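The values are calculated or read from the model by the stated rules, or taken from the named source; none is laboratory data. Note that the structure is predicted; figures quoted are calculated from it, not measured. Neighbour counts run over all protein chains shown; Cβ positions are idealised from the backbone, glycine included.
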Amino acid sequence: MPDKHESRHLNCRVCGSRTNAFMSFGRMPIANGFLTAAETAKEYFFELVPAFCETCGMFQLVEQPQPDKMFHANYAFYSSTSRYMQIHFEKFARSVMEGILSGRPDPLVVELGSNDGIMLQHFHAREMRHLGVEPSVNVADVARGRGINTISAFFGENLAGEIEAAHGRADAVLAANVMCHIPDLASVASGVRRLLKADGVFMFEDPYLGDMIAKTSYDQIYDEHVFIFSATSVMNAFARHGLELIDVAPQQTHGGSMRYTLAPKESRAIAPAVGECLARERQQGLDRLETYVRFKQNCENSRAELMQLLNRFRSEGKRVVGYGATSKSTTVTNYCGITPAHVEFISDTTPIKQGKLSPGAHLPVRPYEEFVRAYPDYALLFAWNHGDEIREKEQCFVSGGGRWIVYVPDVKVVS
Ligand code: TYD
Ligand code: ZN
């Protein structure tokens, strides 16, 4: 890559080795930075460049905007918008209560990036000691309104010390779709190590690199996701901080995720699933640069096919509406060059996004009711990770002749 990247993280954020910045998605705005027309003049952009570290296996962004540009008092992401996600987090909470916490006297659960309390509410309901750490004040306020103990701060070694002083050590530290957001993984890992009891566990889940590569779901790559983890990279990154990967479990959420369980080194047996997963990753080539070069080609093919389709519908005068103003869609719309001439508006149920423009591409975001009021010819499924839930809900759209445009794993039109 050219010299202008020198000042950025061309060295691995985890192990310091030289990484390979194998492609660029070009100029990108903040993925959740929905904005008004007046704000477009001073919209912030950065170059979205993923890189792969052949030494430790970490897939990462070369450049990430300052955290306060992404997670702030107007953070547009509320976890509780999907019914399936509600169920998912209830199950996650239950598995923790019935697993690691069962039989422990007065256990403490700490969740990093607890958002609106979608998971902690279940611990709260059972009057268990819990603490959420959530830097985005608006979503944290929703959690506090539900009676969930939440502090608004960024987690790291210092905060871990403060929590320990105030509440003691934790039996379980949990995180969902948040570890991959945090560039200073070392500080979080050592903070977690410090906060955990000797027999405690750290469980977190995030979009899985293996799924992203297999499905060409490049829209997982955006500002917030500074890392896309695999079992290999998680094992290597946390071993540096005395935490051992003891179990892995694939999840359906966010288009394919992995839940990782870590524990202080040599405190617990390592489940067979870990070795199996590491072997599968080697088989898939997740440890080799050539896999990422092929991924780049797949992204370019996907973009070409999607734009061919959208240009055709545009020339035929068809109405296309986006479904779900996801963070992921920011990468798709900006990388592919989707304009309001291709997509009339994006339908979304999140009030804070409605009436705004999508980041970079400036597609209007409108309430879901507008989608229902006059069904378009095609709905571009930006919220493909909720595909089952949405297609089940939108049977009237399809029976009326509407069709879905999907692009993961392949670009196609489906009913
Ligand atoms: P999300 O799945 O969180 O994706 P990302 O992590 O990429 O932001 O976002 C889903 C978005 O789609 C959210 O803005 C809510 C919206 N949505 C709908 O409008 N209708 C629906 O039925 C569902 C499930 C989501
Ligand atoms: Zn590395």
Segment 121-145, residues that are of a type outside the set (Val, Ile, Thr) and part of a helix (DSSP H, G or I): Gln121, His122, Phe123, His124, Ala125, Asn138, Ala140, Asp141, Ala143, Arg144, Gly145
Residue satisfying condition, being of a type outside the set (A, V, I, L, M), closer than 24 Å to Leu363 by Cβ and out of contact with any helix residue (DSSP H, G or I) (no Cβ under 9 Å at 6 or more places or on another chain), within set Asn74, Asn138: Asn138
Qualifying position, being farther than 14 Å from Met23 by Cα and in contact with a Ser or Thr (Cβ under 7 Å, 6 or more places away or on another chain), among Leu278, Leu306, Leu262: Leu278
Close pairs from segment 270-285: first within 12 Å of Val248 (Cβ to Cβ), partner in a helix (DSSP H, G or I) and hydrophobic (A, V, I, L, M, F, W, C), Cβ under 7 Å, at least 6 apart: Val274/Ala231; Cys277/Ala231; Leu278/Ala231; Glu281/Ala231
Selection count where residues are surrounded by fewer than 18 Cβ atoms within 10 Å (Cβ to Cβ), hydrophobic (A, V, I, L, M, F, W, C) and not in a helix (DSSP H, G or I), scope segment 152-181: 1
Residue match in segment 401-410 (condition: buried (at least 19 other Cβ atoms within 10 Å of the Cβ), away from ligand 2 (no atom under 16 Å from the Cβ) and under 24 Å from Thr36 (Cα atoms)): no
Whichever residue in segment 197-212 is in contact with a Ser or Thr (Cβ under 8 Å, 6 or more places away or on another chain) and not in a strand (DSSP E or B) and, among such residues, is surrounded by the most Cβ atoms within 10 Å (Cβ to Cβ): Leu209
Number of the condition not met by Pro351 [criteria: (1) buried (at least 19 other Cβ atoms within 10 Å of the Cβ); (2) at pLDDT below 95]: (1)
Qualifying residue in segment 229-238 (condition: under 17 Å from Glu205 (Cβ atoms), at pLDDT 95 or above and assigned to a strand (DSSP E or B)): yes
Lone qualifier among Leu310, Leu306, Leu286 - being of a type outside the set (Gly, Ala, Ser) and within 16 Å of ligand 2 (Cβ to nearest atom): Leu286
Close pairs from segment 141-156: first within 16 Å of Arg129 (Cβ to Cβ) and without any contact (Cβ under 8 Å) to a residue 12 or more places away in the chain, partner surrounded by fewer than 16 Cβ atoms within 10 Å (Cβ to Cβ) and of a type in the set (Ser, Thr, Tyr), Cβ under 8 Å, at least 6 apart: none
Strands (runs of 3 or more DSSP E) contained in segment 267-380 and holding at least 2 residues in contact with an Asp or Glu (Cβ under 7 Å, 6 or more places away or on another chain): 320-323
Any pair with Cβ under 6 angstrom, 6 or more apart, that starts in segment 103-114 at a residue that is of a type in the set (Val, Ile, Thr) and ends at one that is part of a strand (DSSP E or B) and surrounded by 15 or more Cβ atoms within 10 Å (Cβ to Cβ): Val109/His130; Val109/Ala172; Val110/Leu131; Val110/Ala170; Val110/Val173
Tally, over segment 240-257, of residues that are more than 16 Å from ligand 1 (Cβ to nearest atom) and either part of a strand (DSSP E or B) or free of Cβ contacts under 8 Å to residues at least 12 places away in the same chain (or both): 8
The one condition in (1) within 26 Å of Thr330 (Cα to Cα); (2) touching a Ser or Thr at 6+ places or on another chain (Cβ under 8 Å) that Cys56 fails to fulfil: (1)
Filter pass, Tyr323 being crowded, with 22+ Cβ neighbours inside 10 Å, modelled with pLDDT of 95 or more, among the hydroxyl-bearing types (Ser, Thr, Tyr) and over 30 Å from Asp116 (Cα atoms): no
Hey, Ile270 at pLDDT 95 or above and crowded, with 18+ Cβ neighbours inside 10 Å or not: no
Conditions (1) within 12 Å of ligand 1 (Cβ to nearest atom); (2) in contact (Cβ under 8 Å) with a residue 60 or more places away in the chain; (3) among the β-branched types (Val, Ile, Thr); number of the one not met by Ile405: (1)
Verdict on Arg193 being more than 30 Å from Tyr407 (Cβ to Cβ), in a helix (DSSP H, G or I) and in contact with a Gly (Cβ under 7 Å, 6 or more places away or on another chain): yes
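Of Tyr44, Tyr84, Tyr75, which residue is in contact with a Gly (Cβ under 8 Å, 6 or more places away or on another chain) and away from ligand 2 (no atom under 16 Å from the Cβ)?
Tyr44
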